[in-house]
1. Counting Lys and Arg as +1 and Asp and Glu as -1, each charge on the Cβ, what is the dipole of chain B about the Cα centre in debye, to the nearest 20?
2. Rolling a 1.4 angstrom probe over the protein chains, ignoring ligands and nucleic acids, what is the accessible area of A:Arg46 in square angstrom, nearest 10?
3. Heavy-atom accessible area of A:Asp170 with all protein chains present, probe 1.4 Å, nearest 10 Å²?
4. What's the minimum Cβ distance from chain B to the axis relating it to A, in whole Å, and which residue gives it?
5. Any idea what the B:Glu211 label distances to the other copies are, label 7 Å down the Cα→Cβ vector, nm, shortest first?
6. Once the label point is set 7 Å along the Cα-to-beta-carbon vector, what list of distances in nm do you get between B:Arg29 and its counterparts in the other copies?
7. Please work out the Cα center distance from segment B:205-274 to segment A:294-347, rounded to the nearest Å.
8. Of the residues A:Val245, A:Val262, A:Val324, which exhibits the maximal mean-square fluctuation in a Gaussian network model of chain A defined by a 10 Å Cα contact cut-off?
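The values are calculated or read from the model by the stated rules, or taken from the named source; none is laboratory data. From a predicted model like this one, the values you see are computed outputs, not experimental measurements. Here the Cβ is made from the backbone with ideal geometry for all residues, glycine too, and neighbour counts use every protein chain on show. Calculation scope for accessible area: heavy atoms of the full protein, side chains included, ligands and nucleic acids excluded. Shrake-Rupley method; radii C 1.70, N 1.55, O 1.52, S 1.80 Å.
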Number of protein chains: 2
Amino acid sequence: MELGAALPGVDALVARSARAAWDGKTKPRGSLGELEALAVRIAAIRGTADPGPLRAAVVLAAGDHGYAAEGVSAYPAAVTRQMLLNFVRGRAAINILARRAGAHLVVVDAGVAEPVDHPAIRQVRLGAGTANATVGPAMAREDAVRGLAAGAEFAEELVGEGFALLALGDMGIGNTTAASALCAALLPAEPEATCGRGTGIDDLTLARKVETVRRALAANSPDRGDPLGALAAVGGYELAFLAGVCLGAAPRSAVVLLDGFVTGSAALAAARISPGLQARMVASHRSPEPGHALVLAELGLRPLLDLGLRLGEGSGAALALPLVQSALALLSEMATFEEAGVSDARA
Amino acid sequence: MELGAALPGVDALVARSARAAWDGKTKPRGSLGELEALAVRIAAIRGTADPGPLRAAVVLAAGDHGYAAEGVSAYPAAVTRQMLLNFVRGRAAINILARRAGAHLVVVDAGVAEPVDHPAIRQVRLGAGTANATVGPAMAREDAVRGLAAGAEFAEELVGEGFALLALGDMGIGNTTAASALCAALLPAEPEATCGRGTGIDDLTLARKVETVRRALAANSPDRGDPLGALAAVGGYELAFLAGVCLGAAPRSAVVLLDGFVTGSAALAAARISPGLQARMVASHRSPEPGHALVLAELGLRPLLDLGLRLGEGSGAALALPLVQSALALLSEMATFEEAGVSDARA
């Protein structure tokens with residue numbers, strides 16, 4: 001796999017056709033607001049003016065983080081693995097939301113400290129949790145390469161099974177710290193601007209989180225021009241895997257639906273590795289994490305929802321998925337003025 | 001039917017139970033953001049801490065408007081009836097969205113100029129289009145009373161059939177002018193603040209629309225303290241009917257899901273007739289109509305979506321419905337920390 005290979009451009013001609021199709025539908029022009037632009041973007045990604053609703057999968061990647069040892073989360077590190085068990089039992093938020101949205105959920109262990117042996121979990125396991133990045137790299141550069149490759153291969157496999165929309169999800173105690181460090185390195189930005197309250201930490205813990213990110217950056221000196229190196233140095237296993245999913249989805253014309261800050265940071269890394277990749281992405285929501293708005297702005301993506309969601313797991317992506325599918329169904333199924341015998345606007 | 005009867009309060013004890021239930025679920029507290037508050041509100045309306053997803057109907061009421069003669073729309077008045085035909089053929093936006101959201105769609109002719117004889121259309125027909133309110137009342141006070149009663153009875157019928165969530169939709173060339181006049185009368189506000197571009201009118205038409213509203217207010221002098229009188233004087237048949245649906249839904253613990261500016265204006269009239277009614281309402285989205293933000297603020301409702309939707313038909317309500325149902329499904333189905341053996345946040 002050639003990770004940095006140039007992408008074919010999204011199809012501007014197809015976008016124009018989709019735009020024209022909207023304008024013939026029985027509704028005032030532009031009256032479906034951002035859903036019209038969304039469907040046009042997806043048409044361009046898919047290379048067809050009428051993509052219709054897409055077969056969707058949620059790729060939920062989990063990993064543990066050396067950052068957790070710094071006391072940056074409100075939850076103990078054991079929760080990552082406990083939540084994997086919750087996912088396979090089908091009663092976590094993402095199980096319910098994926099079911100309701102008609103999306104297939106796949107749970108990936110990208111590098112949890114202690115594995116869960118269950119057939120429903122895809123074992124990628126780049127390692128048993130990352131190292132503490134405040135004293136050296138979170139993982140070796142080769143591990144990040146393996147993560148990208150594994151994610152890209154998995155995307156290829158899902159596309160081969162007929163999935164055309166891959167929604168990203170994450171689980172990992174400490175992973176908003178990894179995302180904050182990665183964004184601080186790649187944007188670049190100050191740790192204060194990228195760190196937020198994650199699972200709901202207090203002021204003292206937030207100060208510790210900012211300091212942790214600052215120390216990780218100082219210990220590793222990640223280079224903005226080397227996104228793969230930054231991913232290895234201060235990122236995380238699930239971040240590398242999710243970035244790989246972005247890289248693998250794009251050349252196969254699959255739409256990548258982002259969740260919140262963690263998946264957004266992985267997407268940012270992917271877009272730095274393969275410039276232009278963001279044209280294949282849809283932002284589901286904006287989380288209250290301050291770094292998320294920075295990432296979305298950098299990627300030029302406008303989120304569909306702004307509901308204060310900060311759960312992760314792909315929950316925001318699954319919640320936005322019906323909007324995406326509805327936009328595509330409307331573009332596909334609505335009658336035209338001509339078909340319906342409805343008078344168009346007065347010229 | 002006693003239209004102005006006092007409502008039983010929404011159930012604060014139930015709200016507390018629902019709040020506590022959220023806090024036991026396997027997720028950081030508050031991490032589902034506004035969806036948590038939404039489910040708590042609905043629990044209070046339904047009077048049960050675990051209402052679960054609700055059987056939903058979209059009530060799409062259509063009417064014609066004397067205002068149309070003033071040239072306030074980009075579309076000819078004939079479009080109201082043409083769209084009724086589009087609805088019964090199943091290929092308008094709301095047909096597709098209601099199907100996708102799992103909602104039953106009922107189309108009501110509340111007073112279209114020329115009726116469509118079709119079994120799928122509920123014939124209420126308060127009149128054959130309202131009179132031009134710039135020269136006198138849009139309808140007689142008795143017509144507005146009949147509209148409220150018909151809407152309330154219809155809500156009662158739907159609740160009797162098991163529907164617990166009534167989403168409101170509207171269709172009627174000229175009805176954003178009626179809504180603008182009604183809001184200007186009830187808030188009160190200047191016509192400039194309540195008039196917007198509706199179906200997409202140009203500056204000249206917008207100026208004419210503002211002037212039309214101003215003339216309607218001058219011709220009728222609606223009294224802010226007489227919402228029924230204002231509804232009759234400057235409103236519309238579908239507005240009266242939809243206000244009636246709000247009034248009929250509330251005492252039966254049904255949730256009213258608003259669409260955009262027109263349904264919001266009807267809801268405002270209903271809430272003025274029956275103070276406190278807004279506690280039973282959910283705002284699906286905020287439209288670009290400037291009056292809509294004023295109405296939502298006055299009702300104290302925070303919209304779920306902000307996507308520049310301005311189609312009407314109940315389209316925004318149907319698009320937001322999966323968010324509502326998902327919030328209720330999460331509250332109902334998610335595992336608790338205890339059930340899942342997941343460690344809670346460190347105290």
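1. On the way: 30 positive and 35 negative charges, 90 e Å.
In total the dipole reaches around 440 debye.
2. Here the accessible area works out near 80 Å².
3. Here the residue's solvent-accessible area equals roughly 10 Å².
4. B:Pro322, 2
5. 6.9
6. Copy-to-copy label distances at B:Arg29, shortest first: 5.3 nm.
7. 29
8. Top of the fluctuation ranking is A:Val324.
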